[in-house]
1. Please work out which residue is farthest from Ala133 (Cα to Cα), limiting yourself to region 332-363 and to residues that are in contact with a Phe, Trp or Tyr (Cβ under 9 Å, 6 or more places away or on another chain) and polar (S, T, N, Q).
2. Within region 213-233, identify whether any single residue is more than 25 Å from the chain's Cα centre (by Cα) and among the charged types (D, E, K, R), and answer yes or no.
3. Just to confirm my filter: which helices (runs of 4 or more DSSP H) fall fully inside region 345-452 and include at least 3 residues that are closer than 26 Å to Ala266 by Cα?
4. When region 482-505 is examined, which residues are found to be closer than 13 Å to Ala421 by Cα and open to solvent by less than 20 Å² (accessible area, probe 1.4 Å)?
5. Which of the residues that make up region 367-390 are in contact with a strand residue (DSSP E or B) (Cβ under 9 Å, 6 or more places away or on another chain) and among the charged types (D, E, K, R)?
6. Could you count how many residues in region 66-102 are touching a residue at least 12 places away in the same chain (Cβ under 8 Å) and more than 23 Å from the chain's Cα centre (by Cα)?
7. Output yes when any residue across region 333-341 is over 15 Å from Ile267 (Cα atoms), open to solvent by less than 40 Å² (accessible area, probe 1.4 Å) and without any contact (Cβ under 8 Å) to a residue 60 or more places away in the chain, and no when none is.
8. Check region 283-290 and report whether any residue there is in a helix (DSSP H, G or I), open to solvent by less than 30 Å² (accessible area, probe 1.4 Å) and over 30 Å from Val55 (Cα atoms).
Amino acid sequence: MDESQARRLVGFLQIAFLVIGLFGLDGPFLSYHYERQNQTFDAACHVFNEGWGAVLAPKVSFSMAGYEARPFTVARQEFPFYGVLGWPLAKLFGHPAAVVRLISMIFALCSIRLLFLILRSWLDPGMALAGAALWSFSPMLLHFGQVPMPDIFCTTGMLAAFWFASKNNLLASSGSFLFAVLAKISIIVFGLPVLAALLVAKNCKTIPEFLRVALCWGAIPLLGLIGWTSLEFIDPNTPWTIAKIMSGRGDVHDLFTVRFYCFLFAILIPYGIGPLGILGCAVAVGKKCAPQINPGVKWTLLASNFLYIIFVVRKIPEPQYLLPSLAWLVLIAAFGLNYLVARTNHGIRWRVGAVLLVCLQALTACIFAGDLKASRVPDFQSIQKAAALIPPGARVVVAYPFYGAGPAVWLHHNVFAVNDAATLEADLPRLEKNGFSCLVLMDVKTRTKSVSKESMLAMLASICHLSRQPVTGRDPLLSDFTLPASAFRQYCDPRFPRIFSGNLIIVYTLSPPAAPIH
C-alpha cells in the first residue's frame, strides 16, 4: 500500500467515525458517565450565556456540601474549552448539545490523523493505517470522542505535542502541550516522552543543550498553567478543583487490590484495544519489536504511563482517564502487528485467521461501544415532564447517586444532591433556609450500586445487549430512591405534598401550599 492510498483510507476512517457520531447529535447526555458529560456541557452553557465571566471562573449549576448558599459551583478542574470554542457556533445556530458534540468529534478526528502520522514515522503506510483503525474503532474513542469530555482534548493535544516534537518544531509542540494540560492538568506527566522526542529530534548531546531545549519547551506550558491557576483568587474557596478532588480520593492500598487491576484490564482490553490489540501488544512485548523508537523515547513512554496510572488513575479510577494511555497502547500494538505481518507466511490459514480476528475485533467494538453509548436513564421523558412542573428559579434538593451534574442539566435548575436519607433529614432545615423549595427523588442506572449476583448478571446482559427480565420486575442496576420501601419515601411521603409522580422520579414541594382564594 502506498502513501496516498493509506491517507485516503485514513480519511475514510474519519468519515465513518463522524457518521457514527451524528446519531443523536442534539440529544440529551444519558450514556455512560453522563454525570461528567453533563458537567462539561453545563460549564459550556454558562459560557454561552454569561460570556467571559464564566470563562475566568467556570460555573456549573449544582451546589456542593458546605457551599449550599451559592446557586452554582465554580469548577476549576480544567479550562472551559468547550465553552470558548463553541461560543460563536452556539450564538449563531443555537443547539448547544450538538455544538459540544461536534467539537468533541473534531478533536477525535484530529487524534486519528495524528496517530497515523506518528506511526508513519516508524512503520510503512499499511501498518500505520492499521494502528489508526485500531484507535478509530476503539469503544473508548467511539464514546468519549463523541460526547463533551475534556479527555479527548488532552489526548489530542498530547499526540499533537509528540508529533511536532518528533518533527523538531519546539514552538508548536510546546503550545500543543499547553493546550493539553489546560484541558486536563493530570496529563502533565506525558510531557516526559514529548520532551524526549524533541531532544532526539534536535540531536542534543551535552547537558547545556538538554537544559536549554527543556527550558525553552517547558516555558509556555508552565507560564500558561501559572496564569490559569492564578485566576483562583477570583473564587478561592471553591471545593471543585482537581487538587481538592484528588486529595480526598484513592489510597495506596488500591494498588494491591484485584478490583483495581480488573478495572484496568476491562477498560484497556475489551473497551480499548480489543483482540487484535491484545495480540499486537503481546507480540511487541515478547519480541521487543520496536527498535525504530529511540530508547530514551521508549523508556519515557513506559515511565510516564506507569506514573500516570500510579498517581492519577489510582486516585480517580474512571474510564476516561485511561484514554491517553490507550493511545500509547495502540502504538505498541501496531508495532506488534507489524512484526507479525512481516514475519508470517501469508498462506490460506494465515488469511483465514486474519479475517476471523478482524471480524472478532469488529464484533467486540460493536458490543462494548454499544454498551458505553446505551442510555443509563430509562425514563427521561418523565424527567422532562417533572422539570416543566418545577417553578421557575426554584432550587431543588435531589436524592440521586452522584453529585448532581445530570439533574442540574435535565431539570434546568440549581440542585443539591444527597444520597442518604439520614443526611437529607439532618440538612433539610438548613437547605430550606438557603432557598431550596423542591425535593426530587430520582432513580438512574449505576453499576457501582452493588456487587450482588443479580446486579452482576444484569450488567453482563446489558453489555451483551441481551433481554433479561429480573425476578423482581425491576432492573437491579437502578438506584432505589423512589421505591415505596426506601428510606427517602418513608421520610418524604408523610411530610411533603407531591407535585409529580413518575415511574422513576417523584417531585415534592417543600413549601406549604398557598391558602385558597375565596
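1. Going through the qualifying residues, I end up with Thr344.
2. For region 213-233, residues more than 25 Å from the chain's Cα centre (by Cα) and among the charged types (D, E, K, R): absent.
3. Hits in region 345-452: 348-373.
4. Those that are closer than 13 Å to Ala421 by Cα and open to solvent by less than 20 Å² (accessible area, probe 1.4 Å): Thr482, Ser486, Phe488, Cys492.
5. The answer is Arg376, Asp379, Lys385.
6. Qualifying residue count for the region: 6.
7. Yes, region 333-341 has at least one match.
8. yes
The values are calculated or read from the model by the stated rules, or taken from the named source; none is laboratory data. Every value quoted in this text rests on a predicted model; they were computed, and no experiment measured them. As a convention, Cβ positions derive from the backbone with ideal geometry for all residues, glycine included, and neighbour counts pool all protein chains shown. Ligands, DNA and RNA are stripped out before the accessible areas are found, and what is left, the full protein with its side chains, is counted by its heavy atoms. Shrake-Rupley method; radii C 1.70, N 1.55, O 1.52, S 1.80 Å.
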